[in-house]
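Undergrad: Quick one: the structure is below, and I'll ask about it shortly.
The values are calculated or read from the model by the stated rules, or taken from the named source; none is laboratory data. Fair warning: this is a prediction, and the values are worked out from it, not measured in the lab. Here the Cβ positions follow ideal geometry from the backbone for every residue, glycine too, while neighbour counts run over all protein chains shown.
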């Protein structure tokens, strides 16, 4: 037996003796140990690896939530997205009650002129104003329908120096000795208003081509009061139907030329001790209490002068009227779905009567209206009825709660508001998401299956087969997709099915190329050669051995076809390169792109959903790549 020697690193011999060795295992059998882990399948192992990627799990959950919402929101939501509702367009989003200050369907509106007559901002409903935040008053020197007060300038601007110019109320007023009629006049003593000069004036009481001088020619612009009843007594008159008349005399410059002159009337009111409503209203209508309102009193549509109109041979101007601008919080839901006045037909009212929501007698009129079911009857009051013909055709003016009139049992809440057609944005977006998902899933499934088969055959067989198939792909891929889509739409019509078909014409080529690459990568591996040696068929090699190993990369890239299809449709429709006959994300964005500056939520909400879909599918695809990678099987 040969002797073996052992040396250390320096070349010195090491003497090894038998005594240096000892038997460690004695009387102990060595055998196989059972696996501590439980047996698993490829699917279970893939799911386990997928769950380890937390971001992919989050992506999958978001996708699942969006799919569930796209199915059930259009079914559950009571809001209509088929018939436009012009009276509820562009409502803001609402989740909480109005006045809570956040997501409550209100809007802060700034610098709007305040209408004193309606006691609300101009063009806005009083009952929808939640709160006036602040106000700012400015003065104007021109009549404005929203201005108030000011000084009424009666200007003698005629270029005839001998003429006396006059100004009086158009309608006469009845004055008697007994009811203590008085004229109270307040004049402005400011000179140079609107570039004019104060002039000489007098006040007359005119009737039956006669006149009584109430105040002689004067330049006294202090307030004065005249007892009209006493004037009648002094002139032995019991009752007259008269006018109050202001006259302005001519004024001259130093060189003898005529100059413009005026008097400024703050107010000229007529009062009486007679408290009957007719007398009070009559005197109020012919008094000057608001200079701006007096100037804006014009002929009506029939050419008649309304009460309160003052006429003359002078020019009426305004100085120092006030306009108030306010900032306020406005409840758009109350404005558009709350109390409003409508004109309805007899048929509509009869329907409510048949449903026993209310009672009404056409022969009696508005006073006969009675509500029987306050929860369901939208009409709260009948204001007027008109019979338009002898055929018993009525139009009825009513006050309604508009949300009940539109079929709601309670005031609705649109989570993200309504668009320019009055459609609920939440229901519209998820209805569009459902359509877009169905389109993308169908198109992606067709492209994936066809591309997988094409790429498998091309990559596995190679040679002339691969050469022919690749040249076909090169030719097809050289045609711009937008041209192919246009041709498909031109011949088959512009609809969502045609668009899906256009997507499938070239959409499979990316999957085919990736599959071919993976087959070239794996088909020369040892385990493939071993399987072929054992007699495996081509189909078994493709689907059992090569494809499972390549599936991770293929699935990762192919799963992104779904959001890519949605994004492509949205982009083309938004750019007006495509017009579909159904609601998709593209049509929603295209219809609301003009609202970006004024109502950005109409663009931001659907855009946020598209972004969420893109990100979620990306994360989900990364998880599928790890899950379907056989090389990671059993890894922790």
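Undergrad: What tally of residues in segment 384-421 results from selecting those that are surrounded by 13 or more Cβ atoms within 10 Å (Cβ to Cβ) and either touching a strand residue (DSSP E or B) at 6+ places or on another chain (Cβ under 8 Å) or touching a residue at least 40 places away in the same chain (Cβ under 8 Å) (or both)?
TA: 25
Undergrad: Next question. Scan segment 205-214 and give yes if some residue there is buried (at least 17 other Cβ atoms within 10 Å of the Cβ), touching a helix residue (DSSP H, G or I) at 6+ places or on another chain (Cβ under 9 Å) and outside any strand (DSSP E or B), otherwise no.
TA: For segment 205-214, residues buried (at least 17 other Cβ atoms within 10 Å of the Cβ), touching a helix residue (DSSP H, G or I) at 6+ places or on another chain (Cβ under 9 Å) and outside any strand (DSSP E or B): absent.
Undergrad: Looking for something assigned by TED's automatic domain parsing to the domain that holds residue 196 and within 27 Å of residue 174 (Cβ to Cβ) - is there at least one such residue anywhere in segment 255-265?
TA: Within segment 255-265, one or more residues are assigned by TED's automatic domain parsing to the domain that holds residue 196 and within 27 Å of residue 174 (Cβ to Cβ).
Undergrad: While we're on this one: Please verify whether residue 610 is in a helix (DSSP H, G or I), out of contact with any strand residue (DSSP E or B) (no Cβ under 8 Å at 6 or more places or on another chain), more than 20 Å from residue 425 (Cα to Cα) and in contact (Cβ under 8 Å) with a residue 12 or more places away in the chain, treating the condition exactly as stated.
TA: Criteria not met by residue 610.
Undergrad: Would you point out the residue of segment 165-174, among those that are in contact with a strand residue (DSSP E or B) (Cβ under 6 Å, 6 or more places away or on another chain) and part of a strand (DSSP E or B), that is nearest to residue 319 (Cα to Cα)?
TA: By that ranking, first place goes to 167.
Undergrad: What pairs come out if I take residues in segment 331-358 that are assigned by TED's automatic domain parsing to the domain that holds residue 386 and more than 21 Å from residue 411 (Cβ to Cβ) and pair them with residues that are surrounded by fewer than 20 Cβ atoms within 10 Å (Cβ to Cβ) and at pLDDT below 90 whose C-beta lies under 6 Å away, six or more apart or interchain?
TA: The qualifying pairs are 343/395; 346/394.
Undergrad: Something else now. Considering 280, 265, which residue is within 52 Å of the chain's Cα centre (by Cα) and under 20 Å from residue 156 (Cα atoms)?
TA: Testing whether each residue is within 52 Å of the chain's Cα centre (by Cα) and under 20 Å from residue 156 (Cα atoms) leaves just 265.
Undergrad: Is it true that some residue in segment 559-581 is closer than 30 Å to residue 108 by Cα, under 37 Å from the mean Cα position of the chain (by Cα) and buried (at least 21 other Cβ atoms within 10 Å of the Cβ)?
TA: No: zero hits.
Undergrad: All but one of (1) in contact (Cβ under 8 Å) with a residue 24 or more places away in the chain; (2) in a helix (DSSP H, G or I) hold for residue 573, so report the exception by its number.
TA: The failed condition is (1).
Undergrad: Can you tell me which residues in segment 65-97 are within 17 Å of the chain's Cα centre (by Cα), closer than 16 Å to residue 338 by Cα and in a loop (DSSP other than H, G, I, E, B)?
TA: 85, 89, 90, 91, 92
Undergrad: Are there helices (runs of 4 or more DSSP H) fully within segment 282-382 with at least 2 residues that are within 30 Å of residue 91 (Cβ to Cβ) and at pLDDT 90 or above? List them.
TA: Per the criteria, 332-337, 346-354.
Undergrad: Go through (1) out of contact with any helix residue (DSSP H, G or I) (no Cβ under 8 Å at 6 or more places or on another chain); (2) modelled with pLDDT under 85 one by one and return the number of the condition residue 463 breaks.
TA: (2)
Undergrad: Being surrounded by 13 or more Cβ atoms within 10 Å (Cβ to Cβ), touching a strand residue (DSSP E or B) at 6+ places or on another chain (Cβ under 8 Å) and not in a loop (DSSP other than H, G, I, E, B): is that true of residue 114 here?
TA: When the stated conditions are applied, residue 114 passes them.
Okay, residues lined up against (1) in contact with a strand residue (DSSP E or B) (Cβ under 6 Å, 6 or more places away or on another chain); (2) within 24 Å of residue 293 (Cα to Cα):
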site: 140; (1), (2): yes, yes
site: 150; (1), (2): yes, yes
site: 155; (1), (2): yes, yes
site: 163; (1), (2): no, no
site: 176; (1), (2): yes, no
site: 184; (1), (2): yes, yes
site: 199; (1), (2): yes, yes
site: 204; (1), (2): yes, yes
site: 213; (1), (2): yes, no
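Undergrad: Among 144, 180, 134, 161, which is modelled with pLDDT of 90 or more and part of a loop (DSSP other than H, G, I, E, B)?
TA: 180
Undergrad: Give me the pairs, please: first residue somewhere in segment 287-304 and surrounded by 10 or more Cβ atoms within 10 Å (Cβ to Cβ), second residue anywhere and modelled with pLDDT of 90 or more and assigned to a helix (DSSP H, G or I), beta-carbon distance under 7 Å, and either six or more positions apart or on two chains.
TA: What qualifies is 288/294.
Undergrad: Among (1) under 30 Å from residue 108 (Cα atoms); (2) surrounded by 18 or more Cβ atoms within 10 Å (Cβ to Cβ), there is one condition residue 341 misses while meeting the rest; what is its number?
TA: Result: residue 341 fails condition (2) only.
Undergrad: Something else now. Would a scan of segment 393-401 turn up a residue that is more than 22 Å from residue 583 (Cβ to Cβ) and in a loop (DSSP other than H, G, I, E, B)?
TA: Yes, segment 393-401 contains a residue that is more than 22 Å from residue 583 (Cβ to Cβ) and in a loop (DSSP other than H, G, I, E, B).
Undergrad: Another question, if that's okay. Looking only at segment 614-636, count how many residues are under 33 Å from the mean Cα position of the chain (by Cα) and either modelled with pLDDT of 90 or more or at positive phi (or both).
TA: Matching residues across segment 614-636 total 2.
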